[in-house]
Amino acid sequence: DPTEPTEPSVDPTEPTEPSVDPTEPTEPSVDPTEPTEPSVDPTEPTEPSVDPTDPTDPSKPKVSLGDYVWFDKNKDGLQDDDEEGIEGVVLKLIGPDGKEVLDIYGNPVGPTTTDKDGYYVFENLPPLGEGEFYTVVIDKEGSQEALEGYVPTKETEGNREKDSSTWEAKSENLTDDGDHDGTLDFGFVLPDEEPEPEPTDPVEPEPSESTDPAPSESTDPVEPEPSESTPEPTSSEDPTKAPEQKEEGELVNTGFAALSILLLGSLLAAAGVSITRRNRRRHG
């Protein structure tokens with residue numbers, strides 16, 4: 001019936017029940033008495049925050065050394081503020097055992113080269129024991145271009161911070177972590193060039209009045225006395241046969257003289273016989 005009112009579905013005089021009892025406490029989403037689990041397992045080892053191969057690792061003790069190659073302009077063997085470094089010099093490092101050096105990470109330490117100001121450095125080196133040392137050596141072949149025309153300056157004593165070594169230098173006091181020896185320095189000079197003599201115009205001698213030399217008494221030339229000289233055997237004659245030939249010649253001459261005397265005696269005898277016969281005939 002359109003005139004008849006419809007009953008509401010909810011009694012307006014009857015209060016509605018809330019969906020949640022306001023006097024009943026709400027349960028928390030997490031039990032407060034139950035411990036929360038950590039996001040990281042405490043029994044599982046955490047990875048280190050520093051890479052062990054990172055050169056900046058502060059956990060490994062290390063030392064370093066260097067540091068300067070320069071042009072010793074005043075040749076006093078000491079470093080001065082107005083003297084400049086030499087760029088491009090190659091240096092090698094040798095360990096206390098005389099062999100190649102390995103850094104604290106196990107990598108071979110190769111050669112290093114001076115920068116534009118003449119400085120060099122070897123870093124991340126293992127500390128040494130008491131009495132041990134590193135040796136820095138200049139690679140002459142590798143530094144040939146950089147050191148062309150240079151020779152080492154003189155060595156001095158008593159000033160390790162400023163003095164110079166010749167071609168190689170030994171370190172000191174590298175036993176503790178962080179030690180640095182910056183006294184391995186090398187000075188070079190340019191040798192003095194001998195000045196070339198300047199050409200000079202030849203000086204002509206001034207003419208002087210000639211004087212006639214005083215006549216000297218003439219002396220007769222002295223003839224040298226002849227000296228007895230024995231003729232040397234010629235190359236065609238055998239010197240070993242000369243004495244034999246001489247003896248044979250002497251024997252021939254002696255025999256000829258004896259024969260002549262004998263013949264002369266025979267002639268005289270014959271002449272005497274002939275004269276005797278003539279005399280007999282005359283007397284007979």
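Only one of GLU194, GLU206 is over 26 Å from ILE86 (Cα atoms) and either at pLDDT 95 or above or surrounded by fewer than 18 Cβ atoms within 10 Å (Cβ to Cβ) (or both); which?
Selected residue: GLU206, the only one of GLU194, GLU206 that is over 26 Å from ILE86 (Cα atoms) and either at pLDDT 95 or above or surrounded by fewer than 18 Cβ atoms within 10 Å (Cβ to Cβ) (or both).
Have a look at VAL121, VAL136 and point out the one that is in a strand (DSSP E or B), touching a residue at least 40 places away in the same chain (Cβ under 8 Å), of a type outside the set (Gly, Ala, Ser) and under 19 Å from GLU84 (Cβ atoms).
After ruling out the rest, the residue left standing is VAL121.
Yes or no: ILE86 among the β-branched types (Val, Ile, Thr) and closer than 20 Å to GLU161 by Cα?
yes
Would you point out the residue of region 95-107, among those that are within 25 Å of SER59 (Cα to Cα) and under 24 Å from the mean Cα position of the chain (by Cα), that is surrounded by the most Cβ atoms within 10 Å (Cβ to Cβ)?
Checked region 95-107; the qualifying residue surrounded by the most Cβ atoms within 10 Å (Cβ to Cβ) is VAL101.
Take the residues of region 155-176 that are over 16 Å from VAL121 (Cβ atoms), surrounded by 11 or more Cβ atoms within 10 Å (Cβ to Cβ) and in contact (Cβ under 8 Å) with a residue 40 or more places away in the chain: which is farthest from the chain's Cα centre (by Cα)?
In this case the residue turns out to be THR175.
Of these, GLY66, GLY88, GLY158, which one is under 16 Å from ASP185 (Cα atoms) and either in a strand (DSSP E or B) or of a type in the set (Asp, Glu) (or both)?
Only one candidate qualifies: GLY66.
Scan region 108-118 for residues that are part of a loop (DSSP other than H, G, I, E, B) and either polar (S, T, N, Q) or more than 25 Å from the chain's Cα centre (by Cα) (or both) and report the count.
Counting residues in region 108-118 that are part of a loop (DSSP other than H, G, I, E, B) and either polar (S, T, N, Q) or more than 25 Å from the chain's Cα centre (by Cα) (or both) gives 1.
The values are calculated or read from the model by the stated rules, or taken from the named source; none is laboratory data. Since we're looking at a predicted model, the values are computed, not measured. Neighbour counts are summed over all protein chains in view; Cβ atoms, including those assigned to glycine, are modelled from backbone coordinates with ideal geometry.
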